[in-house]
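Visitor: Okay, here's the structure, questions in a sec.
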Amino acid sequence: MASSDDPEVVERKYRKEEKKEDEHEEKEGFIEKVKDFIHDIGEKIEEAIGFGKPTADVTGVHLPSINLHKAEIVIDVLIKNPNPIPIPLVDIDYLIESDGRKLVSGLIPDAGTVHAHGSETVKIPVTLIYDDIKNTYHDIKPGSIIPYRIRVALIVDVPIFGRLTLPLEKTGEIPIPYKPDVDIEKIRFEKFSFEETTANLHLKLENKNDFDLGLNALDYEIWLSDVSIGTAELTKSTKIEKNGITKMEIPITFRPKDFGSALWDMIRGRGIGYTMKGNIDVDTPFGNMKLPISKEGGTTRLKKGKNGEDDDDDVDED
């Protein structure tokens, strides 16, 4: 007799399958009820004692110090704690990247505590070493501006919720500064004598950065034939356009007799070497910077004017 002719066997088979389906549905229903119960209990506990998830936001990125070698960055993170008890900051994990490439990363363990029903601004100090960046990414050139993305992960320990990770992001731009070039185009003597000579240096400052420099002050020292003719500070506000050139005059006073034989070389039209070193104080879109300037190996010659007067010196650049 064929199995299809045995109605009792078929019926038992269907009953077993129906029973398994009923048991599965009952199990799923029980799990859902447990989840709802836990959720309801959690909400009631939270309402009863006021527990909630903390919030965080990056409220600022500052560059307190920036020069040719490194940039000091401080990231301000505001954390708000709505709970009736303090919550500890377990770890702070941070990463600064540019176009998907890591510039610097780090971990700050045991970063402190946020007071009950309070807020706290956590400051994350970061140092960018420019040589490390330029040695790793050769397409990042001095004088350029690069985009950055700051990623911060705050790990906090909250009762009921347990450990939570609060991810934060902030984007912006940061410069890779380049030292300005300085040249002495010419020297115009206003008064020439062996005891005291006054002159004006005609300087050319070239800004090779992709951002403007607002010149606030200039301090310098000048040598002629390895003899220092003095130091001075010049306060003059002017703007040096990005990738541009600014010309300015600097007064100097010196005693030619201190040069010895170098003085006769200059009078006879022979070259006399000069060196200039100093610093410029500038404002930039990224904050104040003090950048060095230097020029070594130039030569200058004294020539006579048409009426026998001292004319402007020619400056030969090596």
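Visitor: Filter region 141-181 down to the residues that are modelled with pLDDT under 90, surrounded by fewer than 18 Cβ atoms within 10 Å (Cβ to Cβ) and among the β-branched types (V, I, T) and list them by number.
Guide: Result: I160, single match.
Visitor: Specify which of the listed residues (V74, V114) is of a type in the set (A, V, I, L, M, F, W, C) and at pLDDT 95 or above. Give the derivation first.
Guide: Numbers: V114 fails: at pLDDT 95 or above.
After applying the criteria, what remains is V74.
Visitor: Further, regarding this structure: Any chance you could count how many residues in region 109-133 are open to solvent by 50 Å² or more (accessible area, probe 1.4 Å), within 29 Å of M289 (Cα to Cα) and not acidic (D, E)? Even if it seems obvious, please write down each step before you answer.
Guide: As a first pass, look at region 109-133 and keep what is open to solvent by 50 Å² or more (accessible area, probe 1.4 Å): 109-110, 113, 115, 117, 119-121, 123, 125, 127, 129, 131-132.
Subsequent filtering for residues that are within 29 Å of M289 (Cα to Cα) retains 121, 123, 125, 127, 129, 131-132.
Checking the rest, the ones that are also not acidic (D, E) come to 121, 123, 125, 127, 129.
Going through region 109-133 one residue at a time, the tally reaches 5.
Visitor: Still on this model: Can you pull out the residues in region 203-216 that are open to solvent by 30 Å² or more (accessible area, probe 1.4 Å) and either out of contact with any Pro (no Cβ under 7 Å at 6 or more places or on another chain) or not in a strand (DSSP E or B) (or both)? Let's see the steps before the verdict.
Guide: First, the residues of region 203-216 that are open to solvent by 30 Å² or more (accessible area, probe 1.4 Å): 204, 206, 208, 210, 212, 216.
Of everything in region 203-216, those that are open to solvent by 30 Å² or more (accessible area, probe 1.4 Å) and either out of contact with any Pro (no Cβ under 7 Å at 6 or more places or on another chain) or not in a strand (DSSP E or B) (or both) turn out to be K204, K208, D210, D212, N216.
Visitor: G100 fails exactly one of the following numbered conditions: (1) open to solvent by 50 Å² or more (accessible area, probe 1.4 Å); (2) closer than 22 Å to I140 by Cα; (3) in contact with a strand residue (DSSP E or B) (Cβ under 7 Å, 6 or more places away or on another chain). What is the number of that condition?
Guide: Every condition holds for G100 apart from (3).
Visitor: I need the full set of residues from region 67-97 which are open to solvent by 50 Å² or more (accessible area, probe 1.4 Å), within 30 Å of S144 (Cα to Cα) and more than 14 Å from the chain's Cα centre (by Cα), in order please.
Guide: If the condition is that a residue be open to solvent by 50 Å² or more (accessible area, probe 1.4 Å), within 30 Å of S144 (Cα to Cα) and more than 14 Å from the chain's Cα centre (by Cα), then D93 is the only one that fits.
Visitor: Answer with yes or no whether K186 is at pLDDT 90 or above and at negative phi.
Guide: On the way: at pLDDT 90 or above: no; at negative phi: yes.
Answer is no for this residue.
Visitor: Okay, moving on. Could you please find all residues in region 217-232 being over 29 Å from G287 (Cα atoms), surrounded by 15 or more Cβ atoms within 10 Å (Cβ to Cβ) and either without any contact (Cβ under 8 Å) to a residue 12 or more places away in the chain or of a type in the set (F, W, Y) (or both)?
Guide: Kept after step one, since they are over 29 Å from G287 (Cα atoms), are these residues of region 217-232: 223-230.
Retained after the next criterion (residues that are surrounded by 15 or more Cβ atoms within 10 Å (Cβ to Cβ)): 223-225, 227, 229.
Once the filter is applied, which keeps residues that are over 29 Å from G287 (Cα atoms), surrounded by 15 or more Cβ atoms within 10 Å (Cβ to Cβ) and either without any contact (Cβ under 8 Å) to a residue 12 or more places away in the chain or of a type in the set (F, W, Y) (or both), region 217-232 yields only W223.
Visitor: Continuing with the same structure: Keeping to region 176-216, report how many residues are of a type in the set (G, A, S), under 18 Å from I280 (Cα atoms) and without any contact (Cβ under 8 Å) to a residue 60 or more places away in the chain.
Guide: Step one: of region 176-216, the residues of a type in the set (G, A, S) are 193, 199, 214.
Within this subset, residues satisfying the condition of being under 18 Å from I280 (Cα atoms) are 214.
Retained after the next criterion (residues that are without any contact (Cβ under 8 Å) to a residue 60 or more places away in the chain): none.
Matching residues across region 176-216 total 0.
The values are calculated or read from the model by the stated rules, or taken from the named source; none is laboratory data. Computed from a predicted model, the values in this text were never measured in an experiment. All Cβ positions, glycine included, derive from the backbone under ideal geometry; neighbour counts span all protein chains shown. Heads up: the accessible areas ignore ligands, DNA and RNA and are worked out on the full protein's heavy atoms, side chains in. Shrake-Rupley method; radii C 1.70, N 1.55, O 1.52, S 1.80 Å.
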